[in-house]
Each structure stands twice: as C-alpha cells, then as structure tokens.
Amino acid sequence: MDKIVLDVNLKFVLAQLSLVERGELLSALFEGAYDGSDAAVANVFYYINDLQQKYAVKKQKMHDLSVKSAIARKSRSANAELMLEQPLVKRKEAKENDIINKNNLLFSADDFKKKKPKSSFVPPSVAEVKNYIAENHLLADAETFINFYESHGWMVGTTPIKSWQATLKLWHARNSDKKQKQNDDEAYWNELSGRVLDRQNKVTENNHE
C-alpha cells in the first residue's frame, strides 16, 4: 500500500484498539494483508482498505477529467484560431463577389439601348384614320381622335397604345353609346312634349265647347 487514506472518523475507530492491536494494524497496512485472528484489527484494516480503493477510483476519475479538459481546451484554442482566420477569408471573398456583382450590373448606354425593347407602334395620319373610319363605318372624327391621343402621348391611362385601330373601335363604341343615349333622350322629350301638346289641345277644345 503506497498511501494510507485517513478520514476524520478513523481516530474514533483507532481509539478502541490497544497499542498491540494498533501495531498489528500498522503492520497489516504496510504488508497489504492481515492474517491475524483479531476481529477488531481485521475490521479496521478492511475499513481502511475500502477507503483506499475508493480513493484510487476517485483519483482515476479526476485524472480522466483532467485529460478530457486539456483536450477540450486544446480543441477550443484550435477552433478559436480557425475562427480568427475565417472572417478575413470570408470578408475578402465577399468583397470580391461584391465587385463582380457591381460589374455585372453596370451597363453602358449602348448596352441599355440594346436591351431596351423597342415599340412597334407608329402613330397614324389623319388620312389613315379617315379611311379606316369609312371602311368600318365607325362613328368617330379622325382629327378629334388624333388630337386627343397626341395630347396624351398615345397612352390610354398609363398604358401605351399598341393598336390605334383597336383604340379607334373603342372610341366608336363610346360614341355610339353617347349617340344612343342622346337619341333616347330626344325621343323621350319628344314624346313628353307631344303628350303635353295633346293635353293643351284637349283643354282648348273643352273651353270652346
């Protein structure tokens, strides 16, 4: 036995032994075994031996924890060094990517003109509109139509006109609705005026009678 593990309770146990028994116990502890017949000495010996085994187990656990802690510290240190290096690399890569993206977004005037879609719409002349009105029997005035849409940049609201023929047909439809409403209003007032005139004539005839 290399070491004798003692605890605070051991002094009370040893107090029960005589000097002879303590001598036997000490010899047994040095030799690592007790061959005597004294039960009191044997009990104390096994008690101290059990403490020794528990101490050895505890010491081994502490050693294992110490080794694991050292490995963990070394691993954290290596990771920390790696983390210190990584941001520099990432910042450099990010900067290079930003430069590439900015270069990709830069266009010259010629590039913009090439990529900008060209409109195929061509404003019509007064003669073209008149001919189309005559051919399709549309209710519209060519000069009024052209003046109106030229003042609006050939736009319907915020939408560019793609076909002036289709727009002219819509113009015709609106004019037709207005004309029909006007005709209906005139017919209504004519009918109302006729009724009023008939009543006046009847009143006049009754007065003469």
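Odds and ends about this structure:
- Every test in (1) surrounded by 14 or more Cβ atoms within 10 Å (Cβ to Cβ); (2) in contact with a helix residue (DSSP H, G or I) (Cβ under 7 Å, 6 or more places away or on another chain) is passed by E128 save one, and that test is (2).
- Restricting the stretch 31-49 to residues that are under 17 Å from V20 (Cβ atoms) and polar (S, T, N, Q), the residue that is surrounded by the most Cβ atoms within 10 Å (Cβ to Cβ): N43
- Within the stretch 131-154, the set of residues being hydrophobic (A, V, I, L, M, F, W, C) and either surrounded by 14 or more Cβ atoms within 10 Å (Cβ to Cβ) or touching a strand residue (DSSP E or B) at 6+ places or on another chain (Cβ under 7 Å) (or both) comprises I133, L138, L139, A140, A142, F145, I146, W154.
Here's the yes/no breakdown for (1) touching a Pro at 6+ places or on another chain (Cβ under 9 Å); (2) at pLDDT 80 or above; (3) in the same structural domain as H152 (by TED's automatic domain parsing); (4) surrounded by fewer than 10 Cβ atoms within 10 Å (Cβ to Cβ):
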{"residue": "Q165", "(1), (2), (3), (4)": "yes, yes, yes, no"}
{"residue": "L170", "(1), (2), (3), (4)": "no, yes, yes, no"}
{"residue": "A173", "(1), (2), (3), (4)": "no, yes, yes, no"}
{"residue": "Q180", "(1), (2), (3), (4)": "no, no, yes, no"}
{"residue": "N183", "(1), (2), (3), (4)": "no, no, yes, no"}
{"residue": "E186", "(1), (2), (3), (4)": "no, no, yes, no"}
{"residue": "W189", "(1), (2), (3), (4)": "no, no, yes, no"}
{"residue": "S193", "(1), (2), (3), (4)": "no, no, yes, no"}
{"residue": "L197", "(1), (2), (3), (4)": "no, no, yes, no"}
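- Selection status of D50, modelled with pLDDT of 80 or more, among the acidic types (D, E) and out of contact with any Lys or Arg (no Cβ under 8 Å at 6 or more places or on another chain): no
The values are calculated or read from the model by the stated rules, or taken from the named source; none is laboratory data. Only a predicted model underlies this, so the values are computations on that prediction, with no experimental measurement involved. Here Cβ is always computed from backbone atoms with ideal geometry, including for glycine, and neighbour counts include all displayed protein chains.
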